[in-house]
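Step one of this worksheet: look at the structure below.
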Amino acid sequence: MYTIGQVASFLGVSRDTLKYYEEKELVKPKHDAENGYRKYNAYDIHDVITTNFYRELDFEIKKIQEIRQSKSVADLEHVLTQQEAKILEEIAYKKHLLEKVKSVKEDYYKVKEYLGKFTVTEMKPLEVKGEITGYAAYEEYETIRNNTDSLKKAVTLMSASRVIDFDEEGMKANRFIVVRNIEDTDKDIEGEVLAHPKCIYTVIEDGRFVNGEKDIDHEVGDSLLKIAKENGYELIGKAYINILLTTYEETLERVFLEMYAPIK
């Protein structure tokens, strides 16, 4: 017979874990009638090892209890198949999450490189999945939810793009569209496709930290016209603005936006 301390030591588990297993009736050591100390025999130790085995496979305690309540080999195969499917789903989710993190890091590098600067580049193809009247049109966010690649299927504004029409006199119109990136392997494209091989690309900052609640629309058009004039580009009078990152300073948000302005 072994004490709880001895079992904890040679099995590499804590006393609290052993007590928890006992509470869940996964192991049932005898208690000394005189001093109340737990006494573990070889079968008890085997029960702890078996429980550890299933915990290692990421089975929940409730599922281990079900297995312990009598599962045939055939039943166990079904349980293991279910767990395999669950783990594969989690792996796929983690891979998707990793790609998201990498994408946000790329956005950070865009901010670092192009804030207040510009280059000429392609705006990669986007499929238009819907339209909303504005970022504050909360009742319309179902359009975003239904057409987003958000991991949690919650509303984020990363898939919403603002489209501005302007000329030398200023902004003429603007709208908000819900878009998704088109991959090379995409075959089933239902919505309008936006693609521009040459655009002025820059990153600008908005948000209450730098602008209070001031409207910067006129600044967007003015800055594009200035860049185009100084470098001999002919704009088509349209700009696409996407949110890259939002962070906070002195409790006020700093919003970094990327802007594509197609040129002829």
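The values are calculated or read from the model by the stated rules, or taken from the named source; none is laboratory data. Just so we're clear, the structure is a prediction, and the values are computed from it rather than from any experiment. Virtual Cβ from ideal backbone geometry, glycine too; neighbours counted across all protein chains shown.
Going residue by residue through segment 115-125, is there one that turns out to be of a type in the set (Lys, Arg), within 28 Å of the chain's Cα centre (by Cα), farther than 30 Å from residue 11 by Cβ and in the same structural domain as residue 223 (by TED's automatic domain parsing)?
Yes: segment 115-125 contains one or more residues that are of a type in the set (Lys, Arg), within 28 Å of the chain's Cα centre (by Cα), farther than 30 Å from residue 11 by Cβ and in the same structural domain as residue 223 (by TED's automatic domain parsing).
Out of 227, 200, I need the residue that is in contact with a strand residue (DSSP E or B) (Cβ under 8 Å, 6 or more places away or on another chain), part of a helix (DSSP H, G or I) and not acidic (Asp, Glu). Which one?
Answer to the check: 227.
Of the residues 22, 89, which single one is charged (D, E, K, R) and under 30 Å from residue 245 (Cα atoms)?
Of 22, 89, the one residue that is charged (D, E, K, R) and under 30 Å from residue 245 (Cα atoms) is 89.
Select from segment 203-224 the residues that are free of Cβ contacts under 8 Å to residues at least 24 places away in the same chain and assigned to a loop (DSSP other than H, G, I, E, B) and list them in ascending order.
212, 213, 214, 215, 216
Step by step: first the residues of segment 28-49, then only those that are within 12 Å of residue 8 (Cβ to Cβ) and among the hydrophobic types (A, V, I, L, M, F, W, C), then the one that is farthest from the chain's Cα centre (by Cα). Which residue is that?
Per the criteria, the residue is 45.
In this structure, is residue 19 part of a loop (DSSP other than H, G, I, E, B), surrounded by 12 or more Cβ atoms within 10 Å (Cβ to Cβ) and either in contact with a helix residue (DSSP H, G or I) (Cβ under 8 Å, 6 or more places away or on another chain) or not β-branched (Val, Ile, Thr) (or both)?
no
Restricting segment 63-81 to residues that are of a type in the set (Val, Ile, Thr) and modelled with pLDDT of 90 or more, which is surrounded by the fewest Cβ atoms within 10 Å (Cβ to Cβ)?
81
Whether any residue in segment 34-42 is out of contact with any helix residue (DSSP H, G or I) (no Cβ under 7 Å at 6 or more places or on another chain), over 30 Å from residue 246 (Cβ atoms), of a type in the set (Gly, Ala, Ser) and assigned to a helix (DSSP H, G or I) is what I want to check.
Scanning segment 34-42, I find at least one residue that is out of contact with any helix residue (DSSP H, G or I) (no Cβ under 7 Å at 6 or more places or on another chain), over 30 Å from residue 246 (Cβ atoms), of a type in the set (Gly, Ala, Ser) and assigned to a helix (DSSP H, G or I), so the answer is yes.
Among the candidates 253, 213, 190, 258, single out the residue that is exposed (fewer than 12 other Cβ atoms within 10 Å of the Cβ), closer than 19 Å to residue 160 by Cβ and not small (Gly, Ala, Ser).
190
Could you check how many residues of segment 187-223 are of a type outside the set (Gly, Ala, Ser) and within 22 Å of residue 128 (Cβ to Cβ)?
Number satisfying all stated conditions: 15.
Select, from 143, 156, 185, the only residue that is at pLDDT below 75, over 26 Å from residue 111 (Cβ atoms) and polar (S, T, N, Q).
Testing whether each residue is at pLDDT below 75, over 26 Å from residue 111 (Cβ atoms) and polar (S, T, N, Q) leaves just 185.
Step by step: first the residues of segment 22-62, then only those that are among the charged types (D, E, K, R) and buried (at least 16 other Cβ atoms within 10 Å of the Cβ), then the one that is nearest to residue 83 (Cα to Cα). Which residue is that?
Of everything passing the filter in segment 22-62, 55 is nearest to residue 83 (Cα to Cα).
Tell me, yes or no, whether segment 173-192 has at least one residue that is assigned by TED's automatic domain parsing to the domain that holds residue 248, farther than 20 Å from residue 127 by Cα, among the aliphatic types (A, V, I, L, M) and part of a strand (DSSP E or B).
Yes, there is a match, as at least one residue in segment 173-192 is assigned by TED's automatic domain parsing to the domain that holds residue 248, farther than 20 Å from residue 127 by Cα, among the aliphatic types (A, V, I, L, M) and part of a strand (DSSP E or B).
May I ask you to verify whether residue 210 is in contact with a Lys or Arg (Cβ under 8 Å, 6 or more places away or on another chain), at negative phi, at pLDDT below 90 and not basic (Lys, Arg)?
It is true that residue 210 is in contact with a Lys or Arg (Cβ under 8 Å, 6 or more places away or on another chain), at negative phi, at pLDDT below 90 and not basic (Lys, Arg).
Out of all the residues in segment 213-245, which are at pLDDT below 90 and of a type in the set (Ser, Thr, Tyr)?
Residue satisfying the conditions is 223 alone.
Quick test for you: out of 106, 84, pick the one residue that is of a type in the set (Asp, Glu) and more than 30 Å from residue 206 (Cα to Cα).
84
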